[in-house]
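Chemist: This structure is in structure tokens; I'll ask about it shortly.
The values are calculated or read from the model by the stated rules, or taken from the named source; none is laboratory data. As the structure is a prediction and not an experimental result, all values here were calculated from the model. Don't worry about glycine lacking a Cβ; one is built from the backbone with ideal geometry, like all the others, and counts go over all protein chains shown. Note: areas computed on protein heavy atoms with side chains; ligands, DNA, RNA excluded. Shrake-Rupley method; radii C 1.70, N 1.55, O 1.52, S 1.80 Å.
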Amino acid sequence: MVNYYRVMNMSKLKKTVYPIVRSSRKTCAIKVKPNGEVVIYAPYRMPLELIDKFVLEKSEWISKTRQSVLCAAEERQNIKKLSVDEIQYLIDDAKRIIPLRVEHFAKEMGVRYNRVTIKSQHTRWGSCSNKSNLNFNCLLLLAPENVLDYVVVHELCHLKEMNHSKSFWNEVERVLPDYKMSYDWLKKHGGELMAQLP
């Protein structure tokens, strides 16, 4: 559920309207999207006054993070784009490599999946449907091998936990004890890879 909540004169951000996404989560969280949009995630029953207070307390962080995100987006505009042929080559290569990594980790984890699909995407590295179908981004072949394996394991773990709960992350860590290094790499460099798509 999304409500729109206006925060007035918030530090350098001044008058801004923020989408508030409510869910069964227990605490508030803030996400700054690649386009600079700020989204607030809050529990269903948290009063707007408390959300307002939370956002105001984080106003300096939001300002700095938005500035950093927008600067990074501007830099990514100068990244050379992949050609149609190069993208197709990545897709074909990924169709050969990624299913093998999925099969390897699925056996290790004792999980079953259905179809593996490879695409070129601007927003997602992978996904897992409620029908146990897995989808992966061909751009993963441009990332280090440990990062590709992390995304594969991440999606396979959703076959056990269709959420990002503590249990989910515990399962990821059980399979890949050093997964945080891959997570951080993807967070830092993932935008550069996706910026190569036309």
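Chemist: State all residues of segment 1-32 that are at pLDDT below 65, open to solvent by 100 Å² or more (accessible area, probe 1.4 Å) and in contact with a strand residue (DSSP E or B) (Cβ under 9 Å, 6 or more places away or on another chain); if no residue qualifies, say none.
Modeler: Met1, Tyr4, Arg6, Lys15
Chemist: Does Ile98 meet the test of being in a strand (DSSP E or B), under 20 Å from the mean Cα position of the chain (by Cα) and either aliphatic (A, V, I, L, M) or over 25 Å from Pro34 (Cα atoms) (or both)?
Modeler: Values: in a strand (DSSP E or B): no; under 20 Å from the mean Cα position of the chain (by Cα): yes; either aliphatic (A, V, I, L, M) or over 25 Å from Pro34 (Cα atoms) (or both): yes.
Considered against the rule, which asks whether it is in a strand (DSSP E or B), under 20 Å from the mean Cα position of the chain (by Cα) and either aliphatic (A, V, I, L, M) or over 25 Å from Pro34 (Cα atoms) (or both), Ile98 comes out as no.
Chemist: Could I ask something else about it? How many residues are open to solvent by less than 90 Å² (accessible area, probe 1.4 Å) and either free of Cβ contacts under 8 Å to residues at least 12 places away in the same chain or under 19 Å from Glu192 (Cα atoms) (or both) if we restrict to segment 60-87?
Modeler: Residues in segment 60-87 being open to solvent by less than 90 Å² (accessible area, probe 1.4 Å) and either free of Cβ contacts under 8 Å to residues at least 12 places away in the same chain or under 19 Å from Glu192 (Cα atoms) (or both): 14 in total.
Chemist: Residues of segment 117-145 being part of a helix (DSSP H, G or I) and surrounded by 14 or more Cβ atoms within 10 Å (Cβ to Cβ), which ones? Spell out the reasoning first.
Modeler: Taking segment 117-145 first, the residues part of a helix (DSSP H, G or I) are 138-142, 145.
Scanning segment 117-145 gives Cys138, Leu139, Leu140, Leu141, Leu142.
Chemist: Scan segment 174-198 and report the pairs whose first residue is β-branched (Val, Ile, Thr) and assigned to a loop (DSSP other than H, G, I, E, B) and whose second residue is surrounded by 15 or more Cβ atoms within 10 Å (Cβ to Cβ) and modelled with pLDDT under 90, with Cβ atoms within less than 7 Å and a gap of 6+ or a chain change.
Modeler: Filtered contacts from segment 174-198: no entries.
Chemist: So which of His104, His154 is surrounded by 21 or more Cβ atoms within 10 Å (Cβ to Cβ), without any contact (Cβ under 8 Å) to a residue 40 or more places away in the chain and more than 21 Å from Ala195 (Cβ to Cβ)?
Modeler: Within the list His104, His154, the selection yields His154.
Chemist: Report, by residue number, each residue of segment 107-116 that is outside any helix (DSSP H, G or I) and open to solvent by less than 50 Å² (accessible area, probe 1.4 Å).
Modeler: Those that are outside any helix (DSSP H, G or I) and open to solvent by less than 50 Å² (accessible area, probe 1.4 Å): Val111, Val116.
Chemist: Among the residues of segment 47-59, is there at least one that is in contact (Cβ under 8 Å) with a residue 40 or more places away in the chain and surrounded by fewer than 16 Cβ atoms within 10 Å (Cβ to Cβ)? Can you show your working first?
Modeler: Step one: filter segment 47-59 for residues in contact (Cβ under 8 Å) with a residue 40 or more places away in the chain, giving 48, 51-52, 55-56, 59.
Filter once more, so that each one left must be surrounded by fewer than 16 Cβ atoms within 10 Å (Cβ to Cβ): 48, 56.
Yes, there is a match, as at least one residue in segment 47-59 is in contact (Cβ under 8 Å) with a residue 40 or more places away in the chain and surrounded by fewer than 16 Cβ atoms within 10 Å (Cβ to Cβ).
Chemist: Can you pull out the residues in segment 88-101 that are open to solvent by 60 Å² or more (accessible area, probe 1.4 Å) and of a type in the set (A, V, I, L, M)?
Modeler: Selection gives Leu100 alone.
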